[in-house]
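Student: Take this structure first; my questions come after.
The values are calculated or read from the model by the stated rules, or taken from the named source; none is laboratory data. As the structure is a computational prediction, the values presented were derived from the model and not from experiment. Here the Cβ positions follow ideal geometry from the backbone for every residue, glycine too, while neighbour counts run over all protein chains shown. The protein model used for the area step is the full one, side chains on, heavy atoms only, and it has no ligands, DNA or RNA in it. Shrake-Rupley method; radii C 1.70, N 1.55, O 1.52, S 1.80 Å.
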Amino acid sequence: MKMLVVGGGSGGHITPAVAVIREVLEQRPRTRVEFWTDRKYYKNVVKITTEIGMRWGRSADTRVGKVPYIRVRKICAGKFHRYAGWKLRDWFENWWIVLKDLIWGNLVGFIGFVAGFLQSFWRLVLPSRRPDVIFLKGGFVGLPVGLVAKILKIPYIVHESDAVPGLANRLLMKRAAVVATGMEMKGDDRFVQVGTPVATEFKMVSETKQKTLKKAFGFDPERPLVVVTGGSQGSLNIDEAMKVILPDMLKFASVGLVAGRKWYEEMTELKKYEEWDKAKLQSNFRLWEFNSVMHELMGAADVVVSRAGATTIAELAALKKAVVLVPFEKLPGGHQVKNAELLVKMGAAVMVTDEQMRQQPEMLLNEVRHLVRSPRVRTDLAEKLHAEAKTDAAKQLADIVLTIGEGTRVKKLKK
């Protein structure tokens, strides 16, 4: 069977896609897989698929992004910038963003979309090149591929992690063979709630293991640990709030801050709180630009402060952590806010919106302090969030992919 996987635009689209590939290969080791992604994530995907190839005893050629049965290729795509909830005043106050993103950025995005459409058509137009099934992990990277698949009548599966689908997935859902969702979503009989796949490393740790992890990162194993992250690229607003509240937060907890690649240089002033003596941490604070073992860092945490992306939420649910979510309201469709609101309604998370945090950073400080000092509340939140974890999401998606892909392959052979 030949399978095409498309994902990119954010790390939250890569991780679930890789989890599905792993599960497909567990069940059908000789499946031929191609992974199309954008230029930004190409190297990361090559690295991950190389590791998968080594798992199956297959040599890797990273120069051309190939592992036998797993081939990684770049695909052109265009992101369309939109800002939710902007009032007239916002448009005037942010005129440079309007020029840079909404005018110039969308022009570039449209050109990228057209290029991606033509590129996809050229790669897939010959029957001998076509996969039996396409798995689209959401986002703008998959839109041109999905539209070409529709024209060429190649069956595709869409996975939507968030409570509210983005523009690309809303367009792609109409012709999808199956629409797999991470959260409950209304739809016809093609809609199946499977959860959001996460890497197998994200799993609960015992209290003893948690203390071991704290110590490995240099923290006092007996002191509560708060981990703050805005994702791999970081969040400037969360980072700026931490500049204000960090001194007070350190009075009742150790703090690990992953500032993100994009904003790390602007946060180096906080290094004054990070004290070392002979390679041993002497303070209760550490600052990272990026952490390659986030499953261990968040596993060590007693409380996690994070954005409200669906993949991050799924990872925290698998880890069984008490979480303060800081959704960014201005994303298209407000999907992070709706993700967070759904969990708050379930009693599975605490929410401080980005706007509230920017206006009053103390609101974030107060919520974190309350959870650190209230073990029962913390445990209750963690248990309810963990109850939402779908540990078999990758297997369910792999089963769907194989059912449709192998069915298509049988039809081809009959012809």
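Student: Residue by residue through the stretch 147-154, which ³J(HN,Hα) values in whole Hz follow from phi under the Karplus form 6.51 cos²θ - 1.76 cosθ + 1.60 (θ = phi - 60°), with glycine and proline marked x?
Tutor: Karplus-based 3J(HN,Hα) across the stretch 147-154 equals 5, 5, 4, 4, 5, 8, 6, 9 Hz.
Student: Distance between Cα centroids, the stretch 1-52 to the stretch 349-408: provide it in whole Å.
Tutor: Their Cα centres are 24 Å away from one another.
Student: Determine the per residue accessible area of the chain with all protein chains present and a 1.4 angstrom probe, expressed in square angstrom.
Tutor: Values: 20210 Å² over 415 residues.
Averaged over the residues of the chain, the accessible area is 49 Å².
Student: Also, I was wondering about something else. Looking at the stretch 255-410 from every direction and averaging, what is the projected area of its Cα convex hull in nm²? Walk me through the numbers before you get to the answer.
Tutor: Details: hull surface 50.7 nm².
Across all orientations, the stretch 255-410 yields a mean hull projection of 12.7 nm².
Student: For the stretch 295-405, what % of the accessible area comes from carbon and sulfur atoms, probe 1.4 Å?
Tutor: Carbon plus sulfur share of accessible area: 49 percent.
Student: Related question: Given springs between every Cα pair under 10 Å in a Gaussian network model of the chain, which of 270, 225, 297 has the largest fluctuation?
Tutor: Evaluated over the chain, the most mobile residue of the options is 270.
Student: So how far, in whole Å, is the C-alpha centre of the stretch 126-160 from the one of the stretch 268-317?
Tutor: Spelled out, the Cα-based centre of one part sits 37 Å from the other.
Student: Counting only protein heavy atoms and a 1.4 Å probe, tell me what percentage of the stretch 115-247's accessible area is made up of carbon and sulfur.
Tutor: Answer for the stretch 115-247: carbon and sulfur cover 57 percent of the accessible area.
Student: Most mobile of 336, 193, 27 per a Gaussian network model of the chain (Cα springs, under 10 Å)?
Tutor: Taking springs between Cα atoms under 10 Å, the residue moving most is 27.
Student: For residue 193, which sequence-distant residues (separation of 5 or more, or a different chain) have an amide H within less than 5 Å of its own amide H, given hydrogens modelled in the peptide plane?
Tutor: 181
Student: Next up: Which angle from 0 to 90°, rounded to the nearest 10, does the C-alpha axis of helix 335-346 make with the longest principal axis of the chain?
Tutor: Value to nearest ten degrees: 60.
Student: Two-decimal Rg/Rh of the stretch 111-218 from alpha-carbon positions, Kirkwood Rh?
Tutor: Using only Cα positions, Rg/Rh for the stretch 111-218 is 1.17.
Student: What distance in nm separates the simple spin-label points at residue 356 and residue 44, each placed 7 Å from Cα in the Cβ direction?
Tutor: A separation of 2.9 nm, rounded to one decimal place.
Student: By average Cβ neighbour count within 10 Å, what is the ranking of 14-26, 38-50 from highest down? Let's see the in-between values first.
Tutor: Details: 14-26: 22.5, 38-50: 18.6.
Descending packing order for the listed peptides: 14-26, 38-50.
Student: Let me ask another. Which of the peptides 165-174, 203-212 is most tightly packed, and how do the rest follow, going by the mean number of other Cβ atoms within 10 Å of each residue?
Tutor: Final packing ranking: 165-174, 203-212.
Student: Tell me the label-point distance for the pair residue 271, residue 250, using the 7 Å Cα-to-Cβ offset, in nm and rounded to one decimal.
Tutor: 1.5 nm
Student: Per DSSP helix of 4 or more residues, -39500 (n - 2.57); summed, then divided by the residues of the chain. What does that give at 222 nm, rounded to the nearest 500?
Tutor: -13500 deg cm²/dmol
Student: While we're looking at this one, here's another question. Per residue of the stretch 242-258, what does 6.51 cos²θ - 1.76 cosθ + 1.60 with θ = phi - 60° give for ³J(HN,Hα)? Whole Hz please, x for Gly and Pro, Karplus curve as stated.
Tutor: So the Karplus estimates, Gly and Pro as x, are 5, 4, 7, 9, 4, x, 6, 5, 5, 6, 10, 7, 7, 9, x, 10, 9 Hz.
Student: State, to one decimal in nm, how far the label point of residue 30 lies from the label point of residue 107, with both points 7 Å from Cα in the Cβ direction.
Tutor: According to this spin-label approximation, the distance is 5.3 nm.
Student: Another question about this same structure. Run through all the Cα pairs of the stretch 132-194 and give the fraction in each 5 Å bin from 0, expressed as whole percent.
Tutor: Pair shares across the bins are 4, 22, 35, 25, 12, 3, 0.
Student: Here is a follow-up. Full-extension gain between residue 206 and residue 126, please, as 0.36 nm times their residue separation minus the C-alpha to C-alpha distance.
Tutor: 23.5 nm
Student: Now for a different question. Calculate, in nm to one decimal, what residue 171 and residue 406 gain on full extension: separation in residues at 0.36 nm each, minus their alpha carbon distance.
Tutor: Additional length available on full extension: 82.1 nm.
Student: Take every Cα-Cα distance within the stretch 144-299, group them into 5 Å bins from 0 onward, and report for each bin the whole-number percent of pairs it holds.
Tutor: Spelled out per bin, shortest first, that is 2, 8, 14, 13, 13, 11, 10, 9, 8, 6, 4, 2, 0.
Student: Per-residue HN-Hα couplings for the stretch 183-189, Karplus 6.51 cos²θ - 1.76 cosθ + 1.60 at θ = phi - 60°, whole Hz, x for Gly and Pro?
Tutor: In residue order, the calculated couplings are 10, 4, 8, 6, x, 7, 6 Hz.
Student: Please report the orientation-averaged projected area of the chain, defined via the convex hull of its C-alpha atoms, in nm².
Tutor: For the Cα atoms of the chain, the hull's average projected area reads 21.4 nm².
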